[in-house]
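Chemist: Submitted below is the structure of interest, expressed as structure tokens.
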Amino acid sequence: MLLEWLLPTVWTPTLIALTFALWSNGAVGVKQEIRRLSLRREARRWFAVAAVFPALVTAIAVWIGRMAGDAGPFIAPGAIPTMVTFQFVTGAVGEELGWRGFLLPRLSKRFGEISAVWLAAALWSLWHVAGFFFPGTPHYQFIPPVPFLVSVALFGVLLGFIFNRSGGSVLTTILAHLSLNISLGVGGVSLSSRVFWSVAVGMYGAVALFATLKLGSAATERGKDA
């Protein structure tokens, strides 16, 4: 039942993106979008950040949540392959080509890089609201809505920053998204823990501020060179 709702939801942004690309520019447009999945030279330096940083934030938030008395069970080792496979066929792979690959560059052309990163992140966060109304999802059962949605938006700013700095590589944002989802899947803390989500909000908030300042600085430098 969960997959019947989840799979269409997480793949819809990419399917919409490819449909619009086909409608606007035909097969050439679709190829342009899929090309964002290629390994770009600028992206290689960001692979380590994408792979490690979200998992590190989760680990710190889990540790603090457990210290606060909100410990939860860790996933059984034998269930890890199934959990990882589940993550590969859902959120990260299904969403990123649509949100970061398709939407973010178009918002950037219209609103500028910084506004686009924040707007795309906010819209992506609101996309997750539906989970709180669908029985069987962790959102419906455990997760406090406000800190969760705020942390998603702030994490989305990080994804936008990584996308722009990696030359528009969706592979890097998929990797970062997978790093977050898989590390959450490992468990160790109650998903109802407000301490856990508050730590995540604080850490991603600091990173979002840093990313915004860096994007602003880069835009200023480009303006001087123009």
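Chemist: Restricting to the range 61-81, name every residue that is more than 23 Å from the chain's Cα centre (by Cα) and either touching a residue at least 40 places away in the same chain (Cβ under 8 Å) or outside any helix (DSSP H, G or I) (or both).
Modeler: Arg66, Ala68, Gly69, Asp70, Ala71, Gly72, Pro73, Ala76
Chemist: Looking at Gly168, Gly216, Gly156, which one is crowded, with 17+ Cβ neighbours inside 10 Å, within 23 Å of Glu42 (Cα to Cα) and modelled with pLDDT under 95?
Modeler: Going through Gly168, Gly216, Gly156 in turn, the sole match is Gly168.
Chemist: Here's something else I'd like to know. Write out, first by first residue and then by second, each pair whose Cβ atoms fall under 6 Å of each other, whose residues are 6+ apart or on separate chains, and whose first residue, in the range 185-208, is more than 26 Å from Phe161 (Cα to Cα) while the second is surrounded by fewer than 23 Cβ atoms within 10 Å (Cβ to Cβ) and of a type in the set (Lys, Arg).
Modeler: Once the first residue is more than 26 Å from Phe161 (Cα to Cα) and sits in the range 185-208, its partners that are surrounded by fewer than 23 Cβ atoms within 10 Å (Cβ to Cβ) and of a type in the set (Lys, Arg) give Val189/Arg66.
Chemist: Follow-up. In this structure, does Ala51 turn out to be among the hydrophobic types (A, V, I, L, M, F, W, C), at pLDDT 90 or above and touching a Leu at 6+ places or on another chain (Cβ under 7 Å)?
Modeler: Yes: the conditions hold for Ala51.
Chemist: May I pose another question? For the range 91-128, how many residues are in contact with a Ser or Thr (Cβ under 6 Å, 6 or more places away or on another chain) and either of a type in the set (Ser, Thr, Tyr) or closer than 12 Å to Thr173 by Cβ (or both)?
Modeler: Residues in the range 91-128 being in contact with a Ser or Thr (Cβ under 6 Å, 6 or more places away or on another chain) and either of a type in the set (Ser, Thr, Tyr) or closer than 12 Å to Thr173 by Cβ (or both): 4 in total.
Chemist: I'm told Lys31 meets every condition in (1) closer than 22 Å to Tyr204 by Cβ; (2) at pLDDT below 95; (3) surrounded by fewer than 13 Cβ atoms within 10 Å (Cβ to Cβ) except one. Can you identify the failing condition by its number?
Modeler: (1)
Chemist: Same structure again: Within the range 88-106, does at least one residue satisfy the condition of being part of a helix (DSSP H, G or I) and over 17 Å from the mean Cα position of the chain (by Cα)?
Modeler: Scanning the range 88-106, I find at least one residue that is part of a helix (DSSP H, G or I) and over 17 Å from the mean Cα position of the chain (by Cα), so the answer is yes.
Chemist: Among the residues that make up the range 66-83, is at least one of them surrounded by fewer than 18 Cβ atoms within 10 Å (Cβ to Cβ), at pLDDT below 95, touching a helix residue (DSSP H, G or I) at 6+ places or on another chain (Cβ under 7 Å) and not hydroxyl-bearing (Ser, Thr, Tyr)?
Modeler: Scanning the range 66-83 turns up at least one residue that is surrounded by fewer than 18 Cβ atoms within 10 Å (Cβ to Cβ), at pLDDT below 95, touching a helix residue (DSSP H, G or I) at 6+ places or on another chain (Cβ under 7 Å) and not hydroxyl-bearing (Ser, Thr, Tyr).
Chemist: Right, another one. Does Trp11 fit the bill of being surrounded by 13 or more Cβ atoms within 10 Å (Cβ to Cβ), over 22 Å from Ala121 (Cα atoms) and among the aromatic types (Phe, Trp, Tyr)?
Modeler: Spelling it out, it is not the case that Trp11 is surrounded by 13 or more Cβ atoms within 10 Å (Cβ to Cβ), over 22 Å from Ala121 (Cα atoms) and among the aromatic types (Phe, Trp, Tyr).
Chemist: If you don't mind, there's one more thing I want to ask. With the structure loaded, tell me whether Arg44 is of a type in the set (D, E, K, R) and closer than 21 Å to Leu184 by Cβ or whether it fails that test.
Modeler: So Arg44 does not fit the description; no.
Chemist: With the structure loaded, tell me whether Val146 is surrounded by fewer than 19 Cβ atoms within 10 Å (Cβ to Cβ) and of a type in the set (A, V, I, L, M) or whether it fails that test.
Modeler: Yes; evaluated as a whole, the condition is true for this residue.
The values are calculated or read from the model by the stated rules, or taken from the named source; none is laboratory data. Since the structure is predicted, the reported quantities are computational estimates derived from the model, not experimental observations. Positions of Cβ are backbone-derived with ideal geometry, glycine not excepted, and every protein chain shown enters the neighbour counts.
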